[in-house]
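Report on one structure; see the data block that follows.
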Amino acid sequence: MRGAARAVLALLALTLPFWVGNPYYLHVAIMAGIFGVLALSLNLLLGYTGQLSLGHAAFFGIGAYTSALLTLRLDWPVWPAMLAGVAVAALAGWLIGRLALKLRGAYFVLVTISFAGVVSLVSVNWMELTNGPLGLPGVPAPALGPWSLRGKDAYYYLVLAAVALAYVVCARLVRSRIGRAFLALRENEPLAESVGVDVTHYLVLAAVVSAALAGGGGALYAHYTRFVSPEVFLFTYTVTMVIMVVAGGKGTLAGPLVGAVLFTALPEALRLATSWQWQMLAYGVLLVLLVFFLPRGIVPAVVVRAEAVRRARRAAE
Amino acid sequence: MAELLQHLVNGLVLGGTYALLGIGLTLIFGLMNLVNFAHGEFYTLGAYAAFAALAGLGAGFFPALALAIAGGAVLGALCEVTLLRPLRAESIDTTMLVMIGVWIAMQNGELLVWGGVAKSIPHPFPTAPLVLGPVSIAPLRVFVLLVAGALIAASWVLIQKTTLGRAMRATFQDRDTAALMGVRIDRIHTATFAFGSALAAAAGALLGPVFLAYPSMGDLAALKAFSVVILGGLGNLPGAALGGLLLGIAEELGAGYVSSGYRDAVGFVIIILVLLFRPSGLFARAERVG
């Protein structure tokens, strides 16, 4: 049953451009994919190690700017530039991890926010490098040999591949010995430490992988919209990632993806009905309601319900 | 030299309101252990409430200030009773997420009601600056500094000298014992949150006429309040007051002598450096650590 559902989902995702004619819907699907990578990235920290980063837009923006600047200023080809975006974001993640992960809870949150604030101010003020608030237009689209991935169909498959890759990285990581260490740290740090889990090592590792994924999301975004400005550092991006992870179900693999699809499609659907302000207002209210009524998120709630149904059916037989 | 003095005076005025924001947040974050990201929204609300009272109700400037502060207190109390009281047993992360939700909802609510265009708040003070030797200062800014100073002093008296203040300190040191001594815990929680929010609203209503009121003004204010709290040490009232003044002066000096574009980076850098090197605040005595 679960295998069949998965196969159907995969088939739907793989054939999407063939039955979605409207390029606008395809755009929504691409953005959902990019946010899927970002949500998976945040979930690694928030869901598996229990550390909330509210500076994740910084890693996203660093990936976007690195890749855009390397292609525009140094004429790098797109693929190595994107990889460099991932690498620089990972480096930033390592730095923040080394510095800030001796702090916990609210203090870690504040350092990550401040880090994002500083990076954002640099992107606005370092005119020579970043062109300031005007941003960097004309970021090239990637190409695969002779085929340009400029069209939405082609880019959709690139994003889909990236989501799959990010998912596999997260799945392999959390199901390994490392993932068990993450969970041990989340559940009871002193206990984990007492049985020999190297706290700093594992938390920094989580921060590096998480930042690298967010940087990858940023690079994908830069070469899709083909324009980068300080707006990539907007706090809204971080909040969106948090809502996706919390709503979908933190600490699950499918949760962030469900959250990403839902919270990319929902605002787009709402956009037709209401203005941007109402949308954001609804976001805020929704976050409050989620904490009250679905504190563990959609995916765990569905799993629990499915288990209950299965058990009831077995009892009836 | 004259330039330096001028920067110091400007920094003092700015720092006075940062101190108000910081004292409000040090009660909520330091004592109540709530990561209140909506703190800046109470600051915004104060500015808009003053604007609405002046433009909508036709109230005078001083009644409008009082109304704004009262508005902050009422909304703060409402927020505590409806959202935070049911979650008191939950972890700090849960309440933080709720407060992020409140922050987004309030900010966009303000945007819906008052629109995105910045509003200027009229005030009755003459615009010609007072010139004192090498420095000049607008009379409005003198007023802001005086009111901020008075509110800071009043908060200190309230927390240190009154029964309510003692009950607050007792509640957040040891809730169960305080309850056994007859302190009404629920009321104290509500009163503390309302008081902290009222101080934020006061800061907004005071700075609103100096600058402008716009929906996102609270974002930076919240982060600055956090840097003040961290600078002063959690729950440390005189620390927050001093931290506010220090931040205001550091920002003015940074903007004046380094680069005005990086003015707001001062607060961020302070948060990062203090948390990394002196996590218990600049003014903590050794025995307060941990």
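Using a 10 angstrom cutoff on alpha carbons, build the Gaussian network for chain A and name the most mobile of A:VAL111, A:VAL168, A:VAL239. For chain A, modelled as a Gaussian network with Cα springs under 10 Å, the answer is A:VAL168.
Computed over chain A, relative contact order equals 31 percent, with contacts defined as Cα pairs under 8 Å that lie 6+ residues apart. Using the Cβ-Cβ distance between A:VAL168 and A:ALA312 with R0 set to 25 Å, the FRET efficiency works out to roughly 0.15.
Please report, largest first and rounded to whole Å, the three semi-axes of the ellipsoid equivalent to the stretch B:1-123, where each semi-axis is the square root of five times an eigenvalue of the C-alpha gyration tensor. Show your work: numbers first, answer last.
Values: eigenvalues 157, 92, 35 Å².
Gyration-tensor ellipsoid for the stretch B:1-123: 28, 21, 13 Å.
How about the stretch B:119-175: which chymotrypsin sites (Phe, Trp or Tyr not before Pro) there are in a DSSP loop, with at most 13 other Cβ atoms within 10 Å of their Cβ?
Loop-located and lightly packed - none at all.
Between rounded, prolate and oblate, where does the stretch B:188-290 land on the alpha carbon gyration tensor, with a ≥ b ≥ c its root eigenvalues, rounded for a/c under 1.5, else prolate if a/b exceeds b/c? Here the stretch B:188-290 falls in the oblate category.
The distance between label points at A:LEU262 and A:ARG150 comes to 3.8 nm (points 7 Å beyond Cα on the Cα→Cβ vector). For helix B:61-79, what angle does its Cα long axis make with the longest principal axis of chain B, in degrees from 0 to 90 and rounded to 10? Value to nearest ten degrees: 30.
Quick check for me: using +1 on Lys/Arg Cβ and -1 on Asp/Glu Cβ, what's the dipole size of chain A about its Cα centre, in debye to the nearest 20? Don't skip to the end; give the middle numbers.
Values: 22 positive and 11 negative charges, 188 e Å.
The dipole magnitude comes to about 900 debye.
Only helices enter the 222 nm calculation for chain A: every DSSP H run of n ≥ 4 contributes -39,500 (n - 2.57), and dividing by all residues gives -26000 deg cm²/dmol, rounded to 500.
Springs join every pair of Cα atoms under 10 Å in this Gaussian network model of chain A, and among A:LEU11, A:LEU42, A:LEU26 the largest mean-square fluctuation is at A:LEU11. Largest GNM mean-square fluctuation across B:LEU25, B:LEU87, B:LEU12, computed for chain B with C-alpha springs under 10 Å, falls on B:LEU87.
With a ≥ b ≥ c taken as the square roots of the eigenvalues of the C-alpha gyration tensor of chain A, please select rounded if a/c is under 1.5 and otherwise prolate if a/b is larger than b/c or oblate if it is not? In terms of gyration-tensor shape, oblate.
Could you tell me which of rounded, prolate or oblate describes the stretch A:1-130, using a ≥ b ≥ c as the square roots of the eigenvalues of the alpha-carbon gyration tensor, with rounded for a/c under 1.5 and, failing that, prolate when a/b is larger than b/c and oblate otherwise?
Values: a/c = 2.44, a/b = 1.33, b/c = 1.84.
Cα axes put the stretch A:1-130 in the oblate bin.
Taken residue by residue and averaged, Cβ atoms of other chains lying within 10 Å of the Cβ of B:258-271 number 4.
Run through every distinct alpha carbon pair of the stretch B:2-288 and return the Kirkwood hydrodynamic radius in angstroms, one decimal place. Present the calculation step by step, with values, prior to reporting the outcome.
On the way: mean 1/r = 0.0522 Å⁻¹.
Averaging 1/r across every pair of different Cα atoms and inverting gives 19.1 Å.
Just tell me how shielded B:139-145 is by partners: mean number of partner chain Cβ atoms within 10 Å of each residue's Cβ, no decimals. Write down the numbers at each step before the final one.
Working: counts 0, 0, 0, 0, 0, 0, 0.
That average works out to 0.
Give the calculated FRET efficiency between A:SER275 and A:ALA143 to the nearest 0.05, with a Förster radius of 35 Å applied to their Cβ-Cβ distance. After rounding to 0.05, the efficiency reads 0.35. Peptide A:287-296 has a mean of 5 when you count, residue by residue, the C-beta atoms of other protein chains within 10 Å of its C-beta.
Eigen-decomposition of the gyration tensor built on the alpha-carbon atoms of the protein assembly as shown gives equivalent ellipsoid semi-axes of 42, 30, 24 angstrom, largest listed first.
Rule-based calculations on the coordinates, nothing more; no lab input. Because the structure is predicted, anything quoted here is derived from the model rather than measured. We place every Cβ from the backbone using ideal geometry, glycine too, and count neighbours over all the protein chains shown.
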